[in-house]
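Below: one structure, written as structure tokens.
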Amino acid sequence: MDEVEATVSPATWLISAGRPSEVGQPLNTPLVPASNYVLGSSRAYSRDDATPAWEAFEAVVGGVEGGEAVAFASGMSVAAALFDTLKVGASIVLPTDCYAGVVGLVEQGAIRRGWNCTRLPVVDTSAWIKRAENADMIWLESPTNPLLDIADLPTIIAASRKPGSLLVVDNTLATPLNQQPLAMGADAVMHSATKYMGGHSDLLAGVAVARDPALASELRKARELSGGTPGTLEMFLALRGLRTMSLRVRASQANAMDLALRLTDHPRTHSVRYPGLPSDTGHKVASTFMRGFGAVVTFEVQGDAAFADHVCHSLKIIRHATSLGAVESTIERRAAVPGQEHLPPGLLRISVGCEDIEDLWRDLKRSLDQAS
Ligand SMILES: *Cc1c(COP(=O)(O)O)cnc(C)c1O
């Protein structure tokens, strides 16, 4: 496996790496549903030892992020394993706008293990630099979800840190096609592979990629002991998703840019956020290190939550559903999500998919134009 040179472009790597190369083997890594193997090789039991699809998935993701990948059953099981490396009384910095599951993990750690946590807006670069000096875990997310703020990742990552601390970037929204935090000096990145890697809303999976092989070993051990092992079918599907990720991300972020521009001009919307918009507060800094701006667009509708709900319910192509990163576009009123009540009531988040842009806009415009 892996005769592809690591110097090829990410788009080529995602398609070509992690394939069987022996004569007569299938071109794609086969789905092998097995919990155990005939003893005598490196594989014995599938909670401890990789199944073929999971091994190939890790090879492809590790190559594209530039580190050693460890696949898990979900994005949250990756986050749990990373936080589990922290000791009692550890100090943590999290973004103000941070994935709610991660916030939940840290709140539980505060109660059970005496962790202390500071929340900082990702745009406040100097506060992050200052706090990085004495934190045990610096956890970054950029673009943030759902507000789409941009952290100056290269600057924050380059700041001096406490020896032995971990700097992790949740790279789910950006994907490795748009930014590679390990190359900037981050210790690890994590992905909910449920999103862009899988890309079809039909699986749950996660992956950590570590720069230091010792951290990767620690995470593999955590996976084995917690049982957060990825399912065989999920890894087969996630690997298949990686093959088209570059195409999907390219198409969906072109659609996102177009929709963001059209939403900006619509009389019933305001506060459109998309880091690709030249007028967006995050655009300048994003342009210094991001190759593309992702495919999530957030905006507010004029009027109340009821009108925002009406928009969600009257759309026909854009589906009313949570989550993001799939070929199909989805929309959600984020303040309706438990734990997200602090968000503006009329804030809608669209995960823009790969449909024809004119169809997407016709759908959205018709819903917005209807009187509330
Ligand atoms: C979805 C998501 C997660 C959690 O991943 P699961 O696969 O749902 O466990 C973590 N971070 C971000 C940014 C996400 O979007």
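The values are calculated or read from the model by the stated rules, or taken from the named source; none is laboratory data. Only a predicted model underlies this, so the values are computations on that prediction, with no experimental measurement involved. Cβ: placed from backbone, ideal geometry, glycine included. Neighbour counts: every protein chain shown. Heavy atoms of the whole protein, side chains included, go into the accessibility calculation; ligands, DNA and RNA do not. Shrake-Rupley method; radii C 1.70, N 1.55, O 1.52, S 1.80 Å.
So who's got an amide H within less than 5 Å of the one on LEU277, skipping anything under 5 residues away but keeping other chains? H placed 1.01 Å off N, in plane.
none
Would you mind classifying the stretch 23-64 by shape? Square roots of the alpha carbon gyration tensor eigenvalues, ordered a ≥ b ≥ c; an a/c under 1.5 is rounded, otherwise it is prolate if a/b is larger than b/c and oblate if not.
Oblate, since a/c reaches 1.5 and b/c is not below a/b.
From Cα pairs below 8 angstrom and at least 6 apart in sequence, can you work out the relative contact order of the chain, rounded to a whole percent?
Reported as a whole number, the value is 15 percent.
Tell me, what is the per residue accessible area of the chain in Å², probe radius 1.4 Å?
Value for the chain: 42 Å² per residue.
Gap in Å between the Cα centre of the stretch 47-66 and the Cα centre of the stretch 271-292?
Taking the Cα centre of the stretch 47-66 as reference, the centre of the stretch 271-292 is 32 Å away.
Among VAL64, VAL23, VAL106, which one shows the biggest mean-square fluctuation in a GNM of the chain, springs joining Cα atoms closer than 10 Å?
VAL23
In whole Å, what are the Cα extents of the stretch 196-268 along the three principal axes, biggest one first?
Computed over the Cα atoms, the extents are 54, 26, 23 Å.
For the stretch 245-371, which whole percent of the accessible surface, found with a 1.4 angstrom probe, sits on carbon and sulfur atoms?
So the carbon and sulfur contribution to the accessible surface is 57 percent.
Taking GluC sites (Glu not before Pro) that fall in a DSSP loop and have at most 12 other Cβ atoms within 10 Å as cut points, what is the longest piece of the chain between them?
Segment 134-340 is the longest.
If you wrap the chain's Cα atoms in a convex hull and average its projection over all directions, what's the area in nm²?
The number I arrive at for the chain is 19.0 nm².
Over the stretch 1-139, with every protein chain in place, what whole percent of the accessible area is carbon and sulfur at 1.4 Å, could you tell me?
55
Enter the mean projected area of the convex hull around the alpha-carbon atoms of the stretch 245-371, in nm², rounded to one decimal.
Taking the Cα atoms of the stretch 245-371, their convex hull projects to 7.6 nm² on average.
Return the tail of the calculated pair distribution for the stretch 95-146, meaning the percent of Cα-Cα pairs more than 17 Å apart.
Roughly 36 percent, rounded to a whole number.
Please give me the summed charge of the neighbours of LEU360: other residues whose Cβ is under 12 Å from its Cβ, Lys and Arg +1, Asp and Glu -1.
Residues near LEU360 contribute -1 overall.
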